1. Go ahead and set up a Gaussian network model of chain B, Cα springs under 10 Å, then flag whichever of B:220, B:43, B:26 fluctuates most.
2. Could you please tell me the mean projected area of the C-alpha convex hull for the protein assembly as shown, averaged over all directions and given in square nanometres to one decimal?
3. Arranged by the count of other C-beta atoms within 10 angstrom, fewest first, what order do A:50, A:1 take?
4. How tilted is helix B:79-95 with respect to the longest principal axis of chain B? Cα atoms for both, answer in degrees (0 to 90, nearest 10).
5. Which of B:184, A:69 comes first, and how do the rest follow, when ranked by fewest Cβ neighbours within 10 Å?
6. Testing the spin-label approximation: label points 7 Å from Cα along Cα→Cβ at residue B:12 and residue A:73. State their distance in nm.
7. Under a GNM of chain A (C-alpha, springs under 10 Å), which listed residue has the highest mean-square fluctuation: A:113, A:193, A:84?
8. Just want to confirm a number: the relative contact order over chain B, from Cα pairs under 8 angstrom separated by 6+ residues, in percent.
């Protein structure tokens, strides 16, 4: 059953910017990676799902509810991490989380404490003085603390260090296990590849591919087997290049960058974003 | 209709401004009321006679016989118009447009709260601030007149006068709120929310000078608030109050409607 459904969504900003005839869906309990370079239309699509923008044509629905006209009902079971974090600067993190709890009328079943611990965030300081990473953590906690069924995450790991990125990936994996539906945008293939079941690629406002993560991974990795003179060299080579050593043979794999994947889809047309 | 958590947060945001403007108003109102003294009056009237245009432009005229007339001349032409107006401009802009511009509207819009509720709550915050300010002005005036000149001020007329002042500022607040809902960029929201009332006030100053410039009064809503007319219980002046009130309702309602339908690039 598809929970998030976008059909022929159009919003034209002029100059070829915007989204054009975008359609895809995310099933119940699925993690969907929404991949594309900067300015491709990821955030614009997500803003339509959030009910911030009205579609010029086409429809967006979540659980069968229209994302524009029934946005307050849609929001009830939804968690959102915005692409650009901008909270009330005058508040401290603690005040902000308390405010959101009251504003959303979350009640007592909040996961706030558990999440604060998981991301090692001390929310006591003023948001104005927080680093990019701290604000991002605060955004994650604000999005997850009311235990939503649907998660819309716009470049959620930006600003996080690798350790915290890992914790976030684990959190998303756990949520998926609990049957949550997740839409996660990113401009890094590696990030969505690790967490998502299916991946949709958007470029210049148009969907260019929707495929399972495994298929895409298969299609865009290359393997080379190199034979070296002796096993010592082979072992050293395997360590240096992250390959798998088998006697004097070492198999190394390379992943294409997003740029290359796009070029692949466009038959070599340079991505000019 | 209203979100309590948001209302509380925003009222906290209003407090600082309310205290500052409250203090300024206390200072002016108490000083000016204590200046009401036949001897002193002559000095001020002589100013008005020497440079009538300048004094008239800020609503100060000679021959302010009664205490209330004196207050109308020296308080209701400038001080009690400008400071609450500044409050409307600053808060009006900050309640909607600033959040949209900075992107922090995300926290409010990405929640199971209707846009109608968000806008209505923000409007209530602005209206509450204006009501508190006018209520405070009335209180200070009652205390000052009561302590210095007991029995001299016509209390009923003062209440009607301040009800008129309230409606005027609700109307100005309506302009600021509507601009705030309409524009997603603080620059434009401020330009129209501050620009329109300021321009109208300048027209009012021009009209006060008299002569040919008096025609300017047909182009400014400040004409609808006629303090001299109110204390003389003129029908036109009373009607003006209700036109301002009705206008304010229309402005706030349109602001909310616009906010409900607008695209938010947040």
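Here, each number is a calculation from the coordinates, and none is a lab measurement. Computed from a prediction, not measured in an experiment: that's the story for all the values here. Glycine gets a Cβ as well: all are built from the backbone with ideal geometry, and neighbour counts include every protein chain shown.
1. B:43
2. 32.7 nm²
3. Taking fewest neighbouring Cβ atoms as first place, the list is A:1, A:50.
4. Between the helix axis and the principal axis of chain B, the angle is about 0 degrees.
5. Listed from fewest to most nearby Cβ atoms, that is A:69, B:184.
6. Taking the two extended label points, one gets 3.4 nm.
7. Highest fluctuation among the options: A:113.
8. 26 percent
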